[in-house]
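The values are calculated or read from the model by the stated rules, or taken from the named source; none is laboratory data. Just so it is clear, the model here is predicted, and its values are computed rather than measured. Don't worry about glycine lacking a Cβ; one is built from the backbone with ideal geometry, like all the others, and counts go over all protein chains shown. All accessible areas refer to the heavy atoms of the entire protein, side chains included, with ligands and DNA or RNA removed. Shrake-Rupley method; radii C 1.70, N 1.55, O 1.52, S 1.80 Å.
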Amino acid sequence: MSSAVVITDVAVATMMPGAVPYGLISDAAIVIDGDRIVWVGPATDCPAMQGAVRQGFDGRLVTPALIDCHTHIVHGGDRAREFELRLNGATYEEVARAGGGIVSTVAATRAASEAMLLHQALDRVDRLIAEGVSTIEIKSGYGLDTDTELKMLRVAREVGRQRAATIVTSFLAAHAVPSGMDADDYIDNVCLPTLVRAQAEGLVDAVDGFCEGIAFSPAQIERVFAKAAALGLPVKLHAEQLSWLGGAALAARHAALSADHLEYATADDAALMAQAGTVAVILPGAFYTLRETQAPPIAAFRAAGVPMAVATDWNPGSSPMGSILLAMNMACTLFRLTPEEALAGTTRHAARALGLSDRGVIAPGLRADLAIWDVAQPAELSYRIGVNPLHRRIYGGAL
Ligand code: DI6
Ligand code: FE
């Protein structure tokens, strides 16, 4: 007696690298047993599975479930008022005086109860799940004090317990300098001790930082990365978003899982990232919202063989974007990724950006996290704007 499920009457974009675009198998079957894929291939070659449940999907397209590998979806408040003030002509100073900017999100996140943060984060996660997402990275970084950073990470872990999705956490206390504090003092006396505690409480999967003129210098990030290494935690970095500071090279030197944003990265940075195996996480939502004009060096990443992931960067300030499909569309339209690169960016390469080797492609032995779409060809996932063609999601083999 088999507990297997055979998915039939589908086209499958396996996203396995190779000669066939998307690793596409047009008349395919997938065999799932428990939470794993055990077989995928042309339907005519499908092994006879005695006692297996067969389920047909009327020719729909199956892809790996999507992965949003860069979000800040645990946060209090919003910045709609600031958005409105700015569009009514307010200056940066006026916005700041009206309590806007990242400090307002820090204040709102500190003030919010854990239950309220959880309630709001679950709503955001549900929107991603509705688009076929099954793995989501969530960062801290709007606390900037020990209690609130730990609170954010506990909420992220709780989201993973309450939803059929894998949550991966990143410790991002090195996100902004709290007002009234010296940056070095903050790193040494708040950020690093909080990291040690968060790690001891099992709340951290990776360590992140914001390397930027308005945030932390490479030397300060270096100290955070040294502590991460001492704790055995992988690192990643917001690098070269608004200016070039050498963050991508720093990330590569530390064999970072990813360097993210990268608008001002160079071909030299791309070569270093390729050597280190560091994924470039492309975040078109922030580029769009901030009305940036310098696009990341996609051609250089492509030429150097740097894997490119695509994510929402969902945060209340620079990327209030609750749609991974829109991120894929924008990566194509704003940055000229191909639809195949955009889908690899939210599947295979996004898994790698999180250090996960058990998902992101459809292959035997990997997790049965799948998305089934009402589309005829994979390019449709990036093509339309504001249209969600998800038919059904399968998480860990659960239909
Ligand atoms: N890069 C960004 O664009 C955001 N954080 C980051 O590291 C800005 C976050 C915010 O404005 O709330
Ligand atoms: Fe970010």
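Rounded to the nearest 10 degrees, what's the angle between the helix 218-230 long axis and the longest principal axis of the chain, both from Cα atoms, 0 to 90? So the inclination is approximately 60 degrees. Diffusion coefficient of segment 86-163 by Stokes-Einstein, Kirkwood radius over Cα pairs, 37 °C, 0.692 mPa s: 234 µm²/s. The residues Leu231, Leu66, sorted by heavy-atom accessible surface at 1.4 Å with ligands and nucleic acids left out, run Leu231, Leu66 from largest to smallest. Taken per residue, the accessible surface of the chain reaches 39 Å², heavy atoms only and a 1.4 Å probe. Ordering Thr135, Val310, Met321 by the projection of their Cα atoms onto the charge dipole of the chain, which places +1 on the Cβ of Lys and Arg and -1 on the Cβ of Asp and Glu, puts Thr135 at the extreme positive end. The Rg/Rh ratio of segment 111-152, with Rg taken over Cα atoms and Rh as the Kirkwood radius over Cα pairs, comes to 1.04.
Axis angle, to the nearest 10 degrees, between helix 114-129 and the longest C-alpha principal axis of the chain: 40 degrees. Radius of gyration (Cα atoms) of segment 35-86, expressed as a multiple of 2.2 N^0.38 Å: 2.23. Placing +1 on each Lys and Arg Cβ and -1 on each Asp and Glu Cβ, with no other charges, gives segment 164-270 a dipole about its Cα centre of roughly 320 debye.
Once the Cα atoms are used to define both axes, helix 102-111 deviates from the longest principal axis of the chain by about 80 degrees. Figure note: Arg392, Arg86 ranked by solvent-accessible area, largest first, 1.4 Å probe, ligands and nucleic acids not counted: Arg86, Arg392. Across segment 244-366, the fraction of Cα-Cα pairs farther apart than 23 Å, rounded to a whole number, is 26%. Using Cβ point charges alone (K and R +1, D and E -1), the dipole size of segment 190-239 about the Cα centre works out to roughly 120 debye. Counted over the chain with a bin width of 10 Å, the fraction of Cα pairs per bin, in whole percents, is 5, 24, 32, 25, 11, 3, 0.
Looking at the chain, the DSSP beta bridges with both ends there are about 45 percent antiparallel. Length available on full extension from Asp33 to Arg97: 0.36 nm per residue minus the Cα-Cα distance, which gives 17.3 nm. Here the Karplus relation 6.51 cos²θ - 1.76 cosθ + 1.60, evaluated at θ = phi - 60°, turns the backbone of segment 340-347 into coupling constants of 5, 5, 5, 6, 4, x, 10, 10 Hz, with x for every Gly and Pro. Geometric descriptor of segment 154-263, per residue, is 108 Å³ (volume of the convex hull of the Cα atoms). Where Lys and Arg each count +1 and Asp and Glu each count -1, what net charge lies around Glu201 among other residues with Cβ under 12 Å from its Cβ? Around Glu201, the surrounding residues sum to +3.
Only the Cβ atoms of Lys and Arg (+1) and of Asp and Glu (-1) were treated as charged; on that basis the dipole of the chain about its Cα centre amounts to roughly 580 debye.
Taking the inverse of the mean reciprocal distance over all distinct Cα pairs, the Kirkwood hydrodynamic radius of segment 1-112 comes to 18.4 Å.
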